[in-house]
Amino acid sequence: MENMLMDYLRPDKVGDIARLADGRGVYYLAGGTDIMVLKKENLLEDKPLIDISSLQELKGIEERDASIYIGALETMTSIAKNPILQEKATALVDAASIMGSPIIRNLATIGGNLANSSPAADLIPPLIALSGQVIVQKADRTREIPAESFCTSAGSNLLDNGEIVRGVRIPVQENSFSGFMKLGPRAALAISKVSVAVWWFLNGEEIYDIKIAMGAVGPICFRAKFTEKILKGRVLSPDILEEAAEMIETEARPIDDFRSTADYRRKMTGVLLKRILNKNEIISE
Ligand SMILES: Cc1cc2nc3c(=O)[nH]c(=O)nc-3n(C[C@H](O)[C@H](O)[C@H](O)COP(=O)(O)OP(=O)(O)OC[C@H]3O[C@@H](n4cnc5c(N)ncnc54)[C@H](O)[C@@H]3O)c2cc1C
């Protein structure tokens, strides 16, 4: 809506947001990277804008009780540079490091990336693969939603009116590994054509447990469960990796659009899966 004067609200604490929203649909202003695009294209609806960008309780990255907690306002840059995440949630760091441009990475938040709920959102596949939980809050009530079931369709999620993403919890599994790769028209400043995130845990040389998630190849980001089944309990060899790559291509549900063709996207899921596992050198001859 052009030249619209929005109702602008600035709460002192997260607990006040539901009262300010008063049952209405609202926009939250975090890093503003998606909101500004909507504004520029005159696509903002007539909804109040609640500025959460200075709420300290939505900031911080810390490890406690066998989990890593990331506040909703943490940016791609702070995630990419965090030593705890670099060691224990590599897939998330990989995704945050190459998302958008340096300016976008300094502004864009993890809460905004989740809430925007794009099928091409770069942080969602790593969060799914890492068994992340989305912590949401409405008034004084918090609950956790598995990252895997948070998005319901492109642009939609399980948040109620007045509810906000407070942060993310990632359970820490010592001695596990993870990685993320995406394909876009250029390395940076490109929305993903396809992305793959993998988390795995080895018992000796055998893959004891594995989770694989894909982005931009369906209406939401989702797990490649049949591919996980092929790899679970196996020692990786070039043949098994090839079998898994063929399976993930059948699990992808891409569409043709202006960014890429469905066939190419499907093929690339297998290529990215192989690259992530190869890069980590767990393949036995
Ligand atoms: C040039 C450009 C390049 C980009 N490249 C990429 C890319 O490569 N990969 C990618 O994944 N994305 C990309 N994006 C999209 C965007 O940067 C991300 O989605 C970003 O993470 C959104 O976070 P934000 O803090 O800027 O959200 P905002 O713009 O502030 O808000 C976005 C939406 O999320 C809601 N929201 C924000 N925070 C919360 C919260 N805590 N709880 C509930 N709702 C909330 C808002 O109401 C709004 O609807 C790009 C954007 C631009 C402009």
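The values are calculated or read from the model by the stated rules, or taken from the named source; none is laboratory data. This is a predicted model, so every value here is computed, not measured. Glycine also receives a Cβ, built like all others from the backbone with ideal geometry; neighbour counts cover every protein chain displayed. Accessible surface areas use protein heavy atoms only, side chains included; no ligands, DNA or RNA. Shrake-Rupley method; radii C 1.70, N 1.55, O 1.52, S 1.80 Å.
Structure data summary
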read-out: When residues of region 234-280 are limited to those that are of a type in the set (A, V, I, L, M, F, W, C) and outside any helix (DSSP H, G or I), the one farthest from the chain's Cα centre (by Cα); value: V235
read-out: Residues (more than 11 Å from the ligand (Cβ to nearest atom), part of a helix (DSSP H, G or I) and open to solvent by 70 Å² or more (accessible area, probe 1.4 Å)) located in region 12-38; value: R19
read-out: Candidate set: region 87-105, residues that are open to solvent by less than 40 Å² (accessible area, probe 1.4 Å) and outside any loop (DSSP other than H, G, I, E, B); chosen: the one nearest to the ligand (Cβ to nearest atom); value: A95
read-out: Which numbered condition N3 misses (of (1) modelled with pLDDT of 95 or more; (2) more than 23 Å from G162 (Cα to Cα); (3) open to solvent by 20 Å² or more (accessible area, probe 1.4 Å)); value: (1)
read-out: Filter pass, A108 being touching a residue at least 40 places away in the same chain (Cβ under 8 Å), hydrophobic (A, V, I, L, M, F, W, C), more than 20 Å from R223 (Cβ to Cβ) and open to solvent by 20 Å² or more (accessible area, probe 1.4 Å); value: no
read-out: Out of A197, A139, A213, A147, sole residue that is of a type outside the set (S, T, N, Q), more than 11 Å from the ligand (Cβ to nearest atom), in the same structural domain as I70 (by TED's automatic domain parsing) and touching a residue at least 40 places away in the same chain (Cβ under 8 Å); value: A139
read-out: Number of the condition not met by S78 [criteria: (1) near the ligand (Cβ under 10 Å from one of its atoms); (2) assigned by TED's automatic domain parsing to the domain that holds A129; (3) open to solvent by 30 Å² or more (accessible area, probe 1.4 Å); (4) out of contact with any helix residue (DSSP H, G or I) (no Cβ under 8 Å at 6 or more places or on another chain)]; value: (1)
read-out: Residue check for D65: crowded, with 16+ Cβ neighbours inside 10 Å, at pLDDT 95 or above and away from the ligand (no atom under 11 Å from the Cβ); value: no
read-out: Region 22-44 residues that are more than 22 Å from M76 (Cα to Cα), paired with ones that are in a helix (DSSP H, G or I) (beta carbon under 7 Å, 6 or more apart); value: L44/L38
read-out: Strands (runs of 3 or more DSSP E) (entirely within region 39-85) containing at least 1 residues that are within 15 Å of V14 (Cβ to Cβ); value: 49-51, 67-71
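Each row is one residue, and each column tells you yes or no for (1) over 21 Å from I104 (Cα atoms); (2) not charged (D, E, K, R).
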residue	(1), (2)
A18	yes, yes
Y27	no, yes
G31	no, yes
R64	yes, no
